[in-house]
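Worksheet: one structure, shown below.
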Amino acid sequence: MIAKNQNSDKDHNGKKSRRFGLWAVIVFVSLLALFRPLIANDQALIVITDSGYEFPAFRELPSHWMLRSEPPVTIPIEGKAYFPLIAFHPQRIDLDQRLLPPGAQIKAQAKSGRHWLGTDQLGRDVLAGIIHGLYIAIIIGLGTMLLAFAIGIPLGWLASWTKRHSLSIANWKLVPFLLWLFSILVFNNLVLGNSLFTAIGLVNSLVFCISFFLLFRNKSGKGKSSSIQIPFDRLIFQFAAIIDSIPGLLWVLILGALFGPSLSGLILIIAWVRLPEIIRLSQLEADRIQTLPWSEAAIVAGIPTTRIWWKHWWPAQWPVMQTIFLFGVISGVVLESTLSFLGLGLPYGQVSWGTLINGARTDISAWWLVLFPGIMLLLFIQGLRALSRYLAAN
């Protein structure tokens, strides 16, 4: 009995230590990504002058968080300066230092530094680029899955709910919806800035709204309009099937041509490709949860559907969806690296692990451009897989 209690105490302590280690790694990686300008930057942390103290690197934090593509202008330093551990800006181009091997040392102006992992084809420091790429990977991974979840989970639940409960909308209530849909489509066409495409888009939007109204229009015998039965489950299923019918790479090429090379456009593209899977998984999980006895009892008791979803259904669905979320983050990071390697991802000048690996295409002897970013990408993926296994086990 005593031995059994000791073993249980050891298991409990082991779980606490693993949980502490997991959160310590998460906090460390998050702080490293957020405050990377204080670790890798060619702006001084502190400058001591006759007039006082200056903090150039700290002033650059908001612009780094907003992912400004252009590095700040280098201003001559007057006074004593203390630079970060890696005294190179991840996006500063220096063609005189291009493709330097790991360990190369330089001295420029008031600072000196060593390219511990070498430089790329544009003379940018690889170690600074890897640290900057960590922030890019987190932004793209979280951004794509948050967007896909925000759209896919409600659509999946709506499809599951309308499959069991008929949803009808009065004709007069459908008019604001059509106007809202028409305004959204018009706005999207106007944003593209192409006059011919805008004219075609306006006509298509109007035809779509009229066709949608006539398709589900149903009149009673007295000639008065009745409510419209809208098969949302079939519409959502067909919507996901249409996206899935086109290969993901083709979607990337089509949407990439529309949005152009940008971080926000890349997040939208990856989220669009991931959307059908999220809709189907959310619908399957919703079908399972709604058939549980406590769920049916809550519906019979007359509890409002929104309260049931928020208080009961969503917590019951989250353990499954959190694993899907983490694997979706992995998929988004890998897809971004693949697209950036092919030159279809981030805009020119933006540094990520994929763009660093892409630099090895100009010179196959630059092995460090493949090895070090590839190792970081592998560690990031394995870390997320370990996190998903831990959450699934607990």
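See the values below:
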{"item": "Positions within the stretch 315-357 being surrounded by 15 or more Cβ atoms within 10 Å (Cβ to Cβ), aromatic (Phe, Trp, Tyr) and either closer than 23 Å to Gln121 by Cβ or at pLDDT below 85 (or both), in sequence order", "result": "Phe341, Trp353"}
{"item": "Options Ile299, Ile289, Ile303; residue that is surrounded by 17 or more Cβ atoms within 10 Å (Cβ to Cβ) and free of Cβ contacts under 8 Å to residues at least 40 places away in the same chain", "result": "Ile289"}
{"item": "Within the stretch 358-369, tally of residues that are touching a residue at least 12 places away in the same chain (Cβ under 8 Å), farther than 18 Å from Leu263 by Cβ and surrounded by 17 or more Cβ atoms within 10 Å (Cβ to Cβ)", "result": "4"}
{"item": "Those residues of the stretch 261-276 which are free of Cβ contacts under 8 Å to residues at least 24 places away in the same chain and either in contact with a Pro (Cβ under 8 Å, 6 or more places away or on another chain) or not β-branched (Val, Ile, Thr) (or both), in sequence order", "result": "Ser264, Gly265"}
{"item": "Helices (runs of 4 or more DSSP H) completely within the stretch 241-324 that count 1 or more residues being within 19 Å of the chain's Cα centre (by Cα) and closer than 16 Å to Leu346 by Cα", "result": "248-259, 263-290"}
{"item": "Strands (runs of 3 or more DSSP E) (entirely within the stretch 68-124) containing at least 1 residues that are modelled with pLDDT under 85, among the β-branched types (Val, Ile, Thr) and under 27 Å from Glu54 (Cα atoms)", "result": "104-108"}
{"item": "Filter result for the condition that a residue is in contact (Cβ under 8 Å) with a residue 24 or more places away in the chain, assigned to a helix (DSSP H, G or I) and hydroxyl-bearing (Ser, Thr, Tyr), over Ser340, Ser388", "result": "Ser388"}
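The values are calculated or read from the model by the stated rules, or taken from the named source; none is laboratory data. None of the values given here were measured: they were computed from a predicted structure. FYI the Cβ positions are ideal-geometry reconstructions off the backbone, even for glycines, and counts take in every protein chain you see.
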